[in-house]
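What follows is a structure written as structure tokens; I'll ask about it next.
The values are calculated or read from the model by the stated rules, or taken from the named source; none is laboratory data. Note that this is a predicted model, so its numbers are computed, not measured. Cβ placement follows ideal geometry from the backbone for every residue including glycine, while neighbour counts extend to all protein chains displayed. Heads up: the accessible areas ignore ligands, DNA and RNA and are worked out on the full protein's heavy atoms, side chains in. Shrake-Rupley method; radii C 1.70, N 1.55, O 1.52, S 1.80 Å.
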Amino acid sequence: MPTPTTRRKTHAQLPASRSSATAPAPALALYQQVKDFIARKIQDGSWAAGQRLPSEHELVAQFGISRMTANRALRELAEQGRVVRVAGVGSFVAEDRPQSTLLQIANLASEIRQRGHDYRCDVLAVERVAASLETAAALDLRTGESVFHAVCVHRENGVPVQLEDRYVNPRMAPDFTRQDFSVLQPSEYLVRTVPFDQMEHVIDAVLPTSEQARALEMDPAQPCLLLTRRTWTRGVPVTMVRCLHPASRYRLGSRFRADGNPVFG
């Protein structure tokens, strides 16, 4: 028969033994397993853009899950932009949307050509106008003072991906309206001619006006990403531009280090 001291030691050792055991990792939810399966197939190229995905009924049979679980997996993939669902037809792999950086002024023409696609710039207007109250405030000018105005549609493989509406301080870029912007983007011209030392970006989700929707050849009920940018040189405003992107055709994003510096390449 063990002594009381022995019993106390035995009982004291049990909790330590239990706490040292590694708890099993929780299993992924069934809908997440289905999402991961579909995402891997898309990521590794097994299922190409536009390809029809297994139906909810096929996923139910393949994974032994409920119809509700299959529906949630496809619905969340659609919300993430990985899948397009067409009522009464099925689910399809979404087309990849080009992504442009926020932490630098991107050369849109170069980005598009680097993807092996055709780039074109349709110049809708290049003019000198009187600054509105909003434009004058943005460029630190007097209301009614003369400013340069340019409107362009940028196309990738013939499809409009950006509507550029730009105002420029004539004092900083006096030759702006003399340029051929079908050859050289307005942003590229300004970066080469008037190097900036400060930049401001603001992103909004908006619906296009009917005029903007016509220029972008899109449904006015579909959302857009609006990037508003201002640049300065030695404290003097150079330009204010609004770049409107159909959300279904383009993405804006950035990658940066913990110190706040952008990662390029």
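Net charge near Ile65, counting Lys/Arg +1 and Asp/Glu -1 over other residues with Cβ under 10 Å of its Cβ?
On the way: positive: Arg67, Arg72; negative: Glu56.
Within the 10 Å Cβ shell, the charges total +1.
Suppose we keep just the alpha-carbon trace of region 62-218; what are its Rg and Dmax in angstrom?
Rg, Dmax (Cα atoms, Å): 20.8, 69.
Sticking with this one: Assuming 0.36 nm per residue, please report the length gained on full extension of the stretch Thr193 to Ala39 beyond their Cα-Cα distance.
Extending this stretch completely gives an extra 51.0 nm.
Taking θ as phi - 60°, what are the ³J(HN,Hα) couplings along region 169-183 by the Karplus curve (6.51, -1.76, 1.60), each to the nearest whole Hz, with x for Gly and Pro?
6, x, 5, 8, 9, x, 9, 4, 6, 8, 8, 9, 7, 6, 9
Kindly write out, for region 77-85 in residue order, the coupling ³J(HN,Hα) from the Karplus curve 6.51 cos²θ - 1.76 cosθ + 1.60 (θ = phi - 60°), rounded to whole Hz, with x marking Gly and Pro.
Ordered by residue, 3J(HN,Hα) equals 5, 5, 5, 7, x, 8, 9, 10, 10 Hz.
If you don't mind, there's one more thing I want to ask. Around Thr231, with a cut-off of 12 angstrom between Cβ atoms, what is the net charge of the other residues, counting Lys and Arg +1 and Asp and Glu -1?
Residues close to Thr231 contribute a combined charge of +2.
Starting from the amide H of Val238, placed 1.01 Å from N in the peptide plane, find each other amide H under 5 Å away whose residue is 5 or more places distant or on another chain.
Thr231, Trp232, Thr233
Quick query: amide H of Gln162 versus all other amide H atoms, modeled in the peptide plane; which residues come in under 5 Å with a sequence gap of 5 or more or a different chain?
Distant-sequence amide H within range of Gln162: His154.
Counting heavy atoms of the protein chains only and a 1.4 Å probe, report the per residue accessible area for region 37-150 as a whole number of Å².
Value for region 37-150: 58 Å² per residue.
Now, a different point. What list of ³J(HN,Hα) values in whole Hz, one per residue of region 136-151 in order, does the Karplus curve 6.51 cos²θ - 1.76 cosθ + 1.60 (θ = phi - 60°) give from phi, with Gly and Pro shown as x?
Karplus-based 3J(HN,Hα) across region 136-151 equals 4, 5, 5, 9, 6, 10, 7, 4, x, 5, 5, 9, 8, 9, 9, 10 Hz.
Can you send over the carbon and sulfur percentage of the accessible area for region 97-235, probe radius 1.4 Å, protein chains only?
Here it works out to 48 percent.
Would you please give the FRET efficiency between Leu30 and Ala61, computed as 1/(1 + (r/R0)^6) with r the Cβ-Cβ distance and R0 = 22 Å, to the nearest 0.05?
Efficiency computed from Cβ-Cβ geometry: 0.95.
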